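Here is the structure we will look at.
Each reported figure results from applying straightforward, stated rules to the coordinates on display, with no laboratory input. Keep in mind it's a predicted model, so treat the numbers as computed, not measured. Don't worry about glycine lacking a Cβ; one is built from the backbone with ideal geometry, like all the others, and counts go over all protein chains shown.
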Amino acid sequence: MTPIKECLINKKTNLNPIWLMRQAGRYLPEFREIRKNNTNFINLCLNSNLSEEITLQPIERFDFDAAIIFSDILMIPFGLGQSVEFKKNFGPSLGNISLDKLSETNEAIFTERLSPIYKLLQNLSRNNKLIDKDLIGFVGAPWTLLVYMINKVSPKNGLSKDFFNNKELIHSLLTIIDKFIKIHIKNQVNAGATLIQVFDSWAGLITDKFDQYLYNPTLSIVDYTRQLGVPVICFPRGISNYSEFCKIVNPDMVNIDYSVDPKELIKKVRIPIQGGLDPKILLTDKENLRNKTTKYLEIFKNHPYVFNLGHGILPQTEIEMVKELVKIVRDFK
């Protein structure tokens with residue numbers, strides 16, 4: 001059994017498993033070399049040979065306990081036929097949506113569009129470098145995908161003023177999104193994913209109607225994934241009440257962001273916990289890194305815990321600091 005599965009299933013706490021969100025990506029010089037010659041990000045995600053190489057790069061460097069596939073949550077809108085483009089120094093830009101056009105996409109068309117992702121997973125599942133490691137597939141949560149599909153750009157500056165105007169569009173999109181998230185999960189599991197993580201990157205934007213936008217849609221995804229026999233990790237980044245989320249949605253593990261007080265959380269949450277460390281700590285010095293990392297390890301010493309960050313690793317992170325982080329986690333007793 002893998003270290004993460006031990007934590008999830010047997011609730012063992014003495015293994016100190018570790019992997020990092022966005023571990024396959026921009027902080028690695030070998031990734032930047034590939035990216036220089038592959039400027040179209042969507043095409044890179046759909047190149048199963050290169051995405052396999054990128055997925056394995058952090059495993060070869062740091063021997064993490066899990067590989068997370070090199071892909072993106074916006075591959076679902078892409079698979080549905082919405083145009084998706086990643087612009088340098090801007091981020092994702094999505095095209096206009098038409099419910100009529102989206103309804104033309106069935107499971108076969110969607111699966112064919114995203115077939116290189118499933119080929120990637122098949123290749124990785126047979127790779128000897130991943131023996132005794134988990135292979136993590138992932139999806140965006142319904143709310144976060146809804147945000148991108150309607151807002152059409154990252155909501156870092158807030159949602160568009162008319163975001164909630166078209167209630168019929170929101171209702172219909174949530175139904176479509178739910179269906180195709182599940183198809184994407186099923187295809188990933190069938191191709192070899194041993195864990196699924198649900199990224200709700202913009203959950204913190206929800207201010208009311210939590211049942212409609214957060215709890216019920218995510219619970220639908222969690223229940224479905226469980227039926228496939230695969231554990232599911234949820235990352236509802238930015239929400240104010242993780243304990244209520246865990247009580248209602250009840251994933252197999254919850255990934256916390258760095259705004260969460262771990263000492264308070266552990267009093268209220270019984271399920272395994274993952275993450276928490278502010279990725280900016282990796283931009284400081286080794287002494288500070290040791291102090292902050294050890295704090296999380298001490299707090300969760302007697303609670304099932306997988307070490308990770310409270311958000312994705314930052315592009316300017318130095319390799320030596322990641323090596324030091326892994327050493328601190330592995331040496332902790």
Inset, instruction - Just subtract the alpha-carbon distance of Thr294 and Asp278 from 0.36 nm times their residue separation and send over the number in nm, one decimal. - result: 4.5 nm
Inset, instruction - May I ask you to order 117-125, 87-95 by the average number of other C-beta atoms within 10 Å around their residues, highest value first? - result: 117-125, 87-95
Inset, instruction - Treat the count of other C-beta atoms within 10 Å as a stand-in for reagent exposure and order Leu309, Leu289 from fewest to most. - result: Leu289, Leu309
Inset, instruction - Would you work out the relative contact order for the range 3-331, in percent, from Cα pairs under 8 angstrom that are 6 or more residues apart? - result: 21
Legend entry - Largest-first principal axis extents, alpha carbons of the range 199-280, Å: 35, 28, 24
Legend entry - Sequence-separation-based contact order of the range 206-272, relative, with Cα cut under 8 Å and 6+ spacing, percent: 30
Inset, instruction - Please determine, in degrees from 0 to 90 and to the nearest 10, the orientation of helix 286-299 with respect to the longest principal axis defined by the Cα atoms of the chain, where the helix direction is its Cα long axis. - result: 80
Legend entry - Centroid-to-centroid separation of the range 150-222 and the range 70-128 [C-alpha atoms, Å]: 15
Legend entry - Cross-link partners of Lys295 among aspartates and glutamates (Cα-Cα below 13 Å; sequence separation of 8 or more within a chain): Asp261, Asp278, Glu287
Inset, instruction - Using a Förster distance of 56 angstrom, determine the FRET efficiency expected from the C-beta separation of Lys333 and Ile170, and round it to 0.05. - result: 0.65
Legend entry - Out-of-range pairs (alpha-carbon distance over 19 Å; input Lys101/Lys152; Lys87/Lys280; Lys11/Lys333; Lys209/Lys263): Lys87/Lys280; Lys209/Lys263
Legend entry - Contact order relative to length of the range 1-160, as percent, for alpha carbon pairs under 8 angstrom and 6 or more apart: 26
Legend entry - Helix axis angle, 48-62 relative to the chain longest principal axis, alpha carbon, degrees: 20
Inset, instruction - Over every pair of different alpha-carbon atoms in the range 3-331, take the mean of 1/r and invert it; report that Kirkwood radius in Å. - result: 20.1
Inset, instruction - Would you kindly calculate the translational diffusion coefficient of the range 71-110, applying Stokes-Einstein with the Kirkwood radius from alpha carbon pairs, for 10 °C and a viscosity of 1.306 mPa s, and quote it in µm² s⁻¹ without decimals? - result: 146
Inset, instruction - Take every DSSP beta bridge with both residues inside the range 3-331 and express the antiparallel ones as a percent of the total, to the nearest 5. - result: 20
Legend entry - Total formal charge among the other residues, if their Cβ is under 13 angstrom from that of Lys268, Lys/Arg +1 and Asp/Glu -1: +1
Inset, instruction - With label points built 7 Å along Cα→Cβ from the Cα atoms of Asn89 and Asp285, find their separation and express it in nm. - result: 3.3
Inset, instruction - Over 18 Å between C-alpha atoms is what I'm after, so list which of Lys286/Lys323; Lys268/Lys327; Lys119/Lys179 land there. - result: Lys268/Lys327; Lys119/Lys179
Legend entry - Most mobile listed residue (Leu265, Leu99, Leu173) in the chain, GNM with C-alpha springs under 10 Å: Leu99
Inset, instruction - Going by C-beta contacts inside 10 Å, put Leu297, Leu28 in order with the fewest on the left. - result: Leu297, Leu28
Legend entry - Label-point gap, in nm, between Lys179 and Lys12 - each point 7 angstrom along Cα→Cβ: 4.3
Legend entry - Crossing angle, helix 319-331 versus the chain [Cα axis fit, 0-90 degrees, rounded to tens]: 60
Legend entry - Cα-based radius of gyration of the range 249-302 once divided by 2.2 N^0.38 Å, which approximates compact folds: 1.19
Inset, instruction - Specify the longest stretch of the chain that does not include any exposed loop site, a site being one of the GluC sites (Glu not before Pro) with a non-H, G, I, E, B DSSP assignment and at most 13 other Cβ atoms within 10 Å. - result: 105-317
Inset, instruction - Quickly work out the Asn37-to-Phe163 label distance, labels modelled 7 Å from Cα along the C-beta direction, and quote it in nm with one decimal. - result: 4.0
